[in-house]
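Below is one structure; the comments refer to it alone.
None of the figures in this text is laboratory data; all of them are computed from the coordinates on show. Given the structure is predicted, the values throughout are model-derived calculations rather than measurements. Cβ placement follows ideal geometry from the backbone for every residue including glycine, while neighbour counts extend to all protein chains displayed.
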Amino acid sequence: MISSLKGNISRIFGNYIEIEVNGVGYLVYFVGAHGNAPVQSGCGEISVGAHGNAPVQSGCGEISVGAHGNAPVHIGCEIKLYIHMAVSENDISLYGFEKYEDLDLFKMLITVSGVGSRTAAGILAEKNSLDIIKAIGGADVDFFKKIKGIGLKTAQRIIVDLKSKIGGLGELDLRDNLPLLEDDLVLSLQQLGFERKEIENVTAKLPKDLEKLEEKLEWCLLNLGR
């Protein structure tokens, strides 16, 4: 299991960087801070000269990663990334983060049903961690719906699944020790974008054995039919 990599950037293409560590190149999907995925500026191919000459880099600029005061990185510079290794049946992918807190939030996001590694990386590429945490704590569905690839259901699921984990201070509180009040349930569903009439219809059918606010909220979301 790879937890972090520290080495020199040897190649850049798209959202990927190759980090060379002790002679081994690791291809990493770089999750840039707050909308700053790596963008290669004016960089040509790395060509290998004839008769075994060393590679020659042609016309390569820097990658702009400048959010929050980060200095631009470029081919040849040293970088340390915290790594998530995603293993599937046919692929092993590495996702790299400059800040450990971004990796930690990424790991939380991929626990949500319907949010894969690439979707979680997209969320963190567009928004910074603090704003994401605030949006979850405040049940801000619109915040997530504005992110490419995130629809209403996924936005709701992110909030419902992660609210108790981040310990946010938003009005939609899903902690198990809260008393269950019908007003809390209605308010929570309204914050998630549902109309009063459809809320009244679904809450009228709530099973009697559901006692906790979180349980009732999850049941309502499954039965609202959106």
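Couple of notes before you dig in:
- By the rule of a C-alpha distance below 27 Å, with chain neighbours fewer than 8 residues away ignored, the lysines paired with Lys208 are Lys153, Lys163, Lys165, Lys197, Lys216.
- Site pair Asp104 and Arg196 shows an inter-label distance of 4.2 nm when each label is modelled 7 Å from Cα along Cα→Cβ.
- Pairwise label distance in nanometres, Met1 with Leu152, each label 7 Å out on the Cα-Cβ vector: 3.9
- Cross-link partners of Lys148 among lysines, defined as those whose alpha carbon lies under 17 angstrom from its own and excluding same-chain residues fewer than eight positions apart: Lys127.
- On the basis of the beta-carbon distance and an R0 of 35 Å, Ala86 and Asp142 show a calculated FRET efficiency of 0.75.
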